[in-house]
1. Consider only pairs whose beta carbons are under 6 Å apart and that are at least six residues apart or on different chains; among these, list those whose first residue lies in the stretch 113-139 and is on the phi > 0 side of the Ramachandran plot and whose second residue is outside any loop (DSSP other than H, G, I, E, B).
2. Being out of contact with any Phe, Trp or Tyr (no Cβ under 9 Å at 6 or more places or on another chain) and within 14 Å of the ligand (Cβ to nearest atom) is the filter here, so list the residues in the stretch 3-22 that pass it.
3. Tally up the residues in the stretch 20-47 that are touching a helix residue (DSSP H, G or I) at 6+ places or on another chain (Cβ under 6 Å), assigned to a helix (DSSP H, G or I) and hydrophobic (A, V, I, L, M, F, W, C), please.
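Laboratory data are not the source of any read-out in this text; all were calculated from the coordinates shown. None of the values given here were measured: they were computed from a predicted structure. With ideal geometry, Cβ positions are generated from the backbone for all residues, glycine too; neighbour counts draw on all protein chains shown.
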Amino acid sequence: MADQNKPLVGVIMGSSSDWDVMQNAVAILKQFNVPFEAQVISAHRMPDEMYAYARSARARGLRAIIAGAGGAAHLPGMVAAMTIVPVLGVPVPSKYLRGEDSLLSIVQMPKGVPVSTFAIGEAGAANAALTAVAIIAGTDDAMAEQLEAFRATQTAAAKAMTLPLEN
Ligand code: RP5
């Protein structure tokens with residue numbers, strides 16, 4: 001029987017300064033009751049730990065890795081190079097180039113080793129987590145139902161929107 005508490009999704013980020021953005025991924029995983037783990041793993045400051053994490057990810061049961069980084073954001077690409085677990089890359093806004101550097105360095109993977117790349121910032125982090133939920137939903141009907149319900153709630157909210165038009 002599967003261990004209910006064993007992480008299915010790994011959330012990693014290059015620095016604790018990425019947390020403001022990456023907590024949006026964790027919030028979605030919590031909302032869907034997805035077992036997850038979250039930690040700082042810096043590609044350039046912790047290369048040995050990054051290697052060990054990526055190499056052990058599949059054997060430890062991870063179904064997706066959400067990797068957020070800013071600047072020359074090589075963390076998602078390097079992790080993807082060392083595992084076949086899907087890597088969902090989140091570009092974190094950077095100080096000087098507002099995350100455009102993060103986006104381009106994550107999204108422009110050469111052919112053969114994909115990183116699924118999301119929007120810069122909070123929306124990207126949340127959508128990466130929703131994609132991880134969708135991956136799990138592929139083999140988990142209860143998760144699929146939760147995801148359908150989430151979408152239905154959004155649709156109902158959009159339909160109920162009104163505009164402050166004056167007569
Ligand atoms: C990257 O450098 C991190 O992902 C972070 O976005 C950026 C800045 O890191 P700190 O200097 O705030 O630790 O590695």
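1. 121/21
2. Start the filter on the stretch 3-22 by keeping residues that are out of contact with any Phe, Trp or Tyr (no Cβ under 9 Å at 6 or more places or on another chain), which leaves 3-6, 14-22.
Scanning the stretch 3-22 gives 14, 15, 16, 17, 18, 19, 20, 21, 22.
3. 5
Here's the yes/no breakdown for (1) in contact (Cβ under 8 Å) with a residue 40 or more places away in the chain; (2) within 9 Å of the ligand (Cβ to nearest atom); (3) of a type in the set (Val, Ile, Thr); (4) in contact with a Pro (Cβ under 6 Å, 6 or more places away or on another chain):
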{"position": "54", "(1), (2), (3), (4)": "no, no, no, no"}
{"position": "57", "(1), (2), (3), (4)": "yes, no, no, no"}
{"position": "67", "(1), (2), (3), (4)": "yes, no, no, yes"}
{"position": "70", "(1), (2), (3), (4)": "yes, yes, no, no"}
{"position": "75", "(1), (2), (3), (4)": "yes, yes, no, no"}
{"position": "81", "(1), (2), (3), (4)": "no, no, no, no"}
{"position": "97", "(1), (2), (3), (4)": "no, no, no, no"}
{"position": "101", "(1), (2), (3), (4)": "no, no, no, no"}
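Every residue, every condition in (1) of a type in the set (Asp, Glu); (2) surrounded by fewer than 19 Cβ atoms within 10 Å (Cβ to Cβ); (3) outside any loop (DSSP other than H, G, I, E, B), yes or no:
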{"residue": "67", "(1), (2), (3)": "no, no, yes"}
{"residue": "80", "(1), (2), (3)": "no, no, yes"}
{"residue": "95", "(1), (2), (3)": "no, yes, no"}
{"residue": "119", "(1), (2), (3)": "no, yes, no"}
{"residue": "158", "(1), (2), (3)": "no, yes, yes"}
